[in-house]
Structures are given as C-alpha cells and as structure tokens.
Amino acid sequence: MSAKIKYTDEPVGPLKIVSDFLPAPEELVFKEDTVKVTIALSKESVEFFKHEAEKHHTQYQKMIRRLLDAYTLAHKRPLTKRSSRRRKRAAER
C-alpha cells in the first residue's frame, strides 16, 4: 500500500469554479424505443449470446438488440437526390 498522505495548512492557491457539466440523473435513465417481436433463433446462437452475456454481466437479449442496431446503422444509406428521383419515377409508372 502507498504511503499515507500528510495534510498541511499550506495555501491552496487561486481556485477556479468549474460549471456543472454532468447530466442530471434523469438524463442518464432513458428508455429505448423498442418493438416486441417473436423470432426463432438457432440454439447455438442463443447459447453463444447467453454465455457472452453472463461473462459481461448483461442481458443476452440486449446484446442481440445492439448487434442488430449496429448492423442497421452500418448498412443504412441516406437517400441521395438521384435515388429519390428514381423512386419518384418508379412510383409514377
């Protein structure tokens, strides 16, 4: 263990007040916008996620949901002018 700290009555120097930058507790507790679905997964996949979730002290359903969210985010493409025009023309036909 490290040596004990010895406090003295020495002057501290000029103090700087730091504004409160931490979020309020209610901002830390948020509910994800979710939709309940029924899905059949392979036994091997479920066992894998349950094992990993146990190792990391979390819920396996949450891990699967985050995996799907990451996949969605990685493959989402914003509409470009060209693609939106193409859709408009296809809808007019």
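What do you reckon, is T58 in contact (Cβ under 8 Å) with a residue 24 or more places away in the chain and assigned to a loop (DSSP other than H, G, I, E, B)?
On the way: in contact (Cβ under 8 Å) with a residue 24 or more places away in the chain: no; assigned to a loop (DSSP other than H, G, I, E, B): yes.
Against the criterion (in contact (Cβ under 8 Å) with a residue 24 or more places away in the chain and assigned to a loop (DSSP other than H, G, I, E, B)), T58 does not qualify.
Find the residue count for the range 8-49, including only residues that are part of a helix (DSSP H, G or I) and either of a type outside the set (D, E, K, R) or in contact (Cβ under 8 Å) with a residue 60 or more places away in the chain (or both). Working first, answer last.
Within the range 8-49, the subset part of a helix (DSSP H, G or I) is 25-28, 43-49.
Then drop every residue that is not either of a type outside the set (D, E, K, R) or in contact (Cβ under 8 Å) with a residue 60 or more places away in the chain (or both), which leaves 25, 28, 45-46, 48-49.
So the count comes out to 6.
Taking the stated definitions as given, is D33 of a type in the set (D, E, K, R), at pLDDT 85 or above, open to solvent by 100 Å² or more (accessible area, probe 1.4 Å) and farther than 15 Å from L67 by Cβ? Give the derivation first.
Values: of a type in the set (D, E, K, R): yes; at pLDDT 85 or above: yes; open to solvent by 100 Å² or more (accessible area, probe 1.4 Å): yes; farther than 15 Å from L67 by Cβ: yes.
In short, yes.
Which condition number in (1) over 24 Å from the mean Cα position of the chain (by Cα); (2) at pLDDT 95 or above; (3) not in a loop (DSSP other than H, G, I, E, B) is the one that E52 fails?
With respect to (1) over 24 Å from the mean Cα position of the chain (by Cα); (2) at pLDDT 95 or above; (3) not in a loop (DSSP other than H, G, I, E, B), E52 is out only on (1).
Contact list please: Cβ distance under 7 Å, first residue in the range 64-81 and under 24 Å from S42 (Cβ atoms), second residue modelled with pLDDT of 90 or more, pairs at least six apart or on different chains.
I64/F49
Might you check whether a residue that is of a type in the set (A, V, I, L, M, F, W, C) and out of contact with any helix residue (DSSP H, G or I) (no Cβ under 7 Å at 6 or more places or on another chain) occurs anywhere in the range 54-67? Lay out the reasoning, then the answer.
Step one: filter the range 54-67 for residues of a type in the set (A, V, I, L, M, F, W, C), giving 63-64, 67.
Right, trim to out of contact with any helix residue (DSSP H, G or I) (no Cβ under 7 Å at 6 or more places or on another chain) and you get 67.
Yes: one or more hits.
Might you check whether a residue that is among the aliphatic types (A, V, I, L, M), modelled with pLDDT under 90 and over 23 Å from the mean Cα position of the chain (by Cα) occurs anywhere in the range 77-85?
Initially, the range 77-85 is screened for residues among the aliphatic types (A, V, I, L, M), giving 79.
Of the ones still in play, those that are also modelled with pLDDT under 90 are 79.
Of the ones still in play, those that are also over 23 Å from the mean Cα position of the chain (by Cα) are 79.
Yes, the range 77-85 has at least one match.
Let's see how each residue does on (1) exposed (fewer than 12 other Cβ atoms within 10 Å of the Cβ); (2) of a type in the set (D, E); (3) in contact with a Leu (Cβ under 7 Å, 6 or more places away or on another chain):
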residue: K16; (1), (2), (3): yes, no, no
residue: S19; (1), (2), (3): yes, no, no
residue: P25; (1), (2), (3): yes, no, no
residue: T38; (1), (2), (3): yes, no, no
residue: L41; (1), (2), (3): yes, no, no
residue: E44; (1), (2), (3): yes, yes, no
residue: E52; (1), (2), (3): no, yes, no
residue: K62; (1), (2), (3): no, no, no
residue: R65; (1), (2), (3): no, no, no
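The values are calculated or read from the model by the stated rules, or taken from the named source; none is laboratory data. Note that the structure is a prediction, hence the values are computed from the model and not measured. Glycine also receives a Cβ, built like all others from the backbone with ideal geometry; neighbour counts cover every protein chain displayed. Each accessible area value is taken on the protein alone, full model and side chains, heavy atoms only, with ligands, DNA and RNA left out. Shrake-Rupley method; radii C 1.70, N 1.55, O 1.52, S 1.80 Å.
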